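The structure appears right after this line, and notes come after that.
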Amino acid sequence: MNYISTRGNASNLDFAGVTLAGLASDGGLYVPSTWPRFSTEQIAAMRGLTYVELAARVMAPFTAGVLSEDELKLLCAAAYGSFSHAAITPLTQLDDQNWLLELFHGPTLAFKDVALQLLGHLFERFLSGGNTALTIVGATSGDTGSAAIHAVAGRENIEIFMLHPHNRVSDVQRRQMTTVLAPNVHNIAIDGSFDDAQAMVKRMFGDAEVTQALTLSAVNSINWARLMAQVVYYFRAALHLGAPERQVAFSVPTGNFGDVFAGYVAAQMGLPIERLIVATNVNDILHRALSKGDYSIGAVTPTAAPSMDIQVSSNFERLLFDLEGRDGSTTAARMKWFEQMGKMVLSSDMRRKAALFHSARADADEMAGAMRWAHEQCNEVIDPHTAIALHAARKANVAADIPVVTLATAHPAKFRDAVERATGLRPALPHRIGNLFDREERFDVRPGDYAAVRDYVLGHAARA
Ligand SMILES: *Cc1c(COP(=O)(O)O)cnc(C)c1O
């Protein structure tokens, strides 16, 4: 499989290249040159596979020429061995129509482990034997950072720098990052928002002084391999609920548009998805874009679901590329305009092509209401991000014979203050997280100033 940039002006890469590269040199994002498609018979034949077998089957078309299905199986077995549930991503039934897809059984209790545990193994595989040292620079609103750090801590030839907005991630999220004391892990707390941190990371990728000195790589969801790993659990859930004979709808708590874009990829590959509900909190740029065509940046409002406190959703560019007929120069012009003006309009033609996506927005009361409903009616304690998607799922008016799967993206203990406020219940940290609050923390606070952060990275990175 060959990968092309959404802005049409970077060299094509194979799967290994795209895994190590992250952002394309023209500022675009890499996507497969075509969407592979499974027949109905091929999808039916996936029933009964284990998670690891299914993962290798679904991902093999994307790694063709670089990794075989058998090689993928070995990597997936290693990656998902760190999960605490035998099903890896189990389904829980809430009522006659609604289901939860539990994606939080990995080492850091958030769905990002599903992709990042695999990415850690892919990095190791592609760096072994070579003389490249990889410098990973990322920005996190909480969950990406800890999952990425756990995926690469202690691995050779990798140095990781993780920027998070100072005092804007939960104490559990921060400690999951800052208590990893491996010498290749560098946590930087930035005075500013997640978007400020992400803008610095983007700028570093375009800064010749940095890119000439270091081999940079990304672990945020602009990395194609992450999205690819997330496609698997859409197949898993839909197969359990009757696909390919039966359609399934998904409701996805959305921030950077990575997780829900993986659902779109699953649909392109032939999975019968009835709709994808993009659920946002009050930071609702995606809801405005999909419902009214208005993709314009507003101020970021901090909420109890911080991983969704995002205005600019990087992966949306991948969808725009498809909606505009996969023409890189059109997407490049559109994104240049957006970067200057802070807004763009989606034409009615583009919105028609995006009809698989529905959207909804939940405010703080609606989020709390969904947490209470799950607790009181279904005896399930859910986290704030999941609650936003469950609220959207229950409002969506999906036909009664179509199951609606809400992606449960974080363990409730990760956001226990918000859960306690809504339900009166304080979820305990699972045993495997252990003594998080007794461990030593290590991080540096830096002003929201690009040069200071760049110099820090240049000063601490390994070179080879
Ligand atoms: C990252 C994250 C999200 C948002 O996912 P995107 O792929 O960025 O849209 C939602 N919920 C939780 C708990 C997350 O960590």
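The values are calculated or read from the model by the stated rules, or taken from the named source; none is laboratory data. Note that the structure is predicted; figures quoted are calculated from it, not measured. Because the Cβ atoms are built from the backbone with ideal geometry, glycine has one as well, and the counts that use them run over all protein chains shown. Quick note on the areas: whole protein, heavy atoms, side chains included, nothing else; ligands and nucleic acids left out. Shrake-Rupley method; radii C 1.70, N 1.55, O 1.52, S 1.80 Å.
In segment 1-25, of all residues being open to solvent by less than 30 Å² (accessible area, probe 1.4 Å) and part of a loop (DSSP other than H, G, I, E, B), the one that is modelled with the lowest pLDDT corresponds to Gly22. Figure legend. Inter-residue proximity from segment 338-364: first residues acidic (Asp, Glu), second residues open to solvent by less than 90 Å² (accessible area, probe 1.4 Å), beta-carbon distance below 8 Å, spacing 6+ or different chains. Indicated pairs: Asp363/Asn281; Asp363/Val282. Residues that are open to solvent by 90 Å² or more (accessible area, probe 1.4 Å) and not in a strand (DSSP E or B) within segment 331-350 comprise Lys336, Trp337, Glu339, Gln340, Met341, Ser348, listed in sequence order.
It is to be established whether one or more residues within segment 220-241 are hydroxyl-bearing (Ser, Thr, Tyr), farther than 22 Å from Asn283 by Cβ and more than 16 Å from the ligand (Cβ to nearest atom). For segment 220-241, residues hydroxyl-bearing (Ser, Thr, Tyr), farther than 22 Å from Asn283 by Cβ and more than 16 Å from the ligand (Cβ to nearest atom): absent. Against the test of being more than 16 Å from the ligand (Cβ to nearest atom), in a helix (DSSP H, G or I) and at pLDDT 95 or above, the options Ala87, Ala55, Ala115 yield a single qualifying residue, Ala55. Of everything listed in (1) under 21 Å from the mean Cα position of the chain (by Cα); (2) surrounded by fewer than 18 Cβ atoms within 10 Å (Cβ to Cβ); (3) modelled with pLDDT of 95 or more; (4) within 26 Å of His411 (Cβ to Cβ), the single unmet condition for Asp96 is (1). Quickly run through segment 301-312 and pick out the residues that are at pLDDT 90 or above, part of a loop (DSSP other than H, G, I, E, B) and either surrounded by 23 or more Cβ atoms within 10 Å (Cβ to Cβ) or near the ligand (Cβ under 8 Å from one of its atoms) (or both). Once the filter is applied, which keeps residues that are at pLDDT 90 or above, part of a loop (DSSP other than H, G, I, E, B) and either surrounded by 23 or more Cβ atoms within 10 Å (Cβ to Cβ) or near the ligand (Cβ under 8 Å from one of its atoms) (or both), segment 301-312 yields Ala304, Ala305.
If you take the residues of segment 170-191 that are open to solvent by 20 Å² or more (accessible area, probe 1.4 Å) and touching a helix residue (DSSP H, G or I) at 6+ places or on another chain (Cβ under 7 Å), which of them is farthest from Leu109 (Cα to Cα)? The selected residue is His186.
Within segment 316-334, residues that are in contact (Cβ under 8 Å) with a residue 40 or more places away in the chain and farther than 17 Å from Trp224 by Cα sit with their Cβ atoms under 6 Å from residues that are open to solvent by less than 50 Å² (accessible area, probe 1.4 Å) and part of a helix (DSSP H, G or I), at 6+ positions apart or across chains, in these pairs: Thr331/Leu320; Thr331/Phe321. Out of Ala243, Ala229, Ala279, one residue alone is in a helix (DSSP H, G or I) and open to solvent by less than 30 Å² (accessible area, probe 1.4 Å). It is Ala229.
For segment 383-407, taking the residues that are of a type in the set (S, T, N, Q) and in contact (Cβ under 8 Å) with a residue 12 or more places away in the chain, the one that is farthest from the ligand (Cβ to nearest atom) is identified as Thr406.
Okay, residues lined up against (1) among the hydroxyl-bearing types (Ser, Thr, Tyr); (2) assigned to a helix (DSSP H, G or I); (3) in contact (Cβ under 8 Å) with a residue 60 or more places away in the chain:
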residue	(1), (2), (3)
Gly154	no, no, no
Val169	no, no, yes
Gly192	no, no, yes
Met204	no, yes, yes
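Which of the residues spanning segment 102-135 are closer than 23 Å to Val232 by Cβ, open to solvent by less than 10 Å² (accessible area, probe 1.4 Å) and of a type in the set (A, V, I, L, M, F, W, C)? Correct list: Leu103, Leu109, Ala110, Val114, Ala115, Leu116, Leu118, Leu119, Leu122, Phe123.
Listed conditions (1) modelled with pLDDT of 90 or more; (2) under 19 Å from the mean Cα position of the chain (by Cα) are all met by Ser170, apart from (1). Go through segment 247-275 residue by residue and tally those that are touching an Asp or Glu at 6+ places or on another chain (Cβ under 9 Å) and assigned to a strand (DSSP E or B). Count: 5. For segment 351-464, the strands (runs of 3 or more DSSP E) that sit wholly inside it and include 1 or more residues that are farther than 30 Å from Pro183 by Cβ are 357-361, 404-408.
Quick check: is even one residue across segment 114-130 under 30 Å from Gln377 (Cα atoms) and touching a residue at least 60 places away in the same chain (Cβ under 8 Å)? Checking segment 114-130: at least one residue is under 30 Å from Gln377 (Cα atoms) and touching a residue at least 60 places away in the same chain (Cβ under 8 Å).
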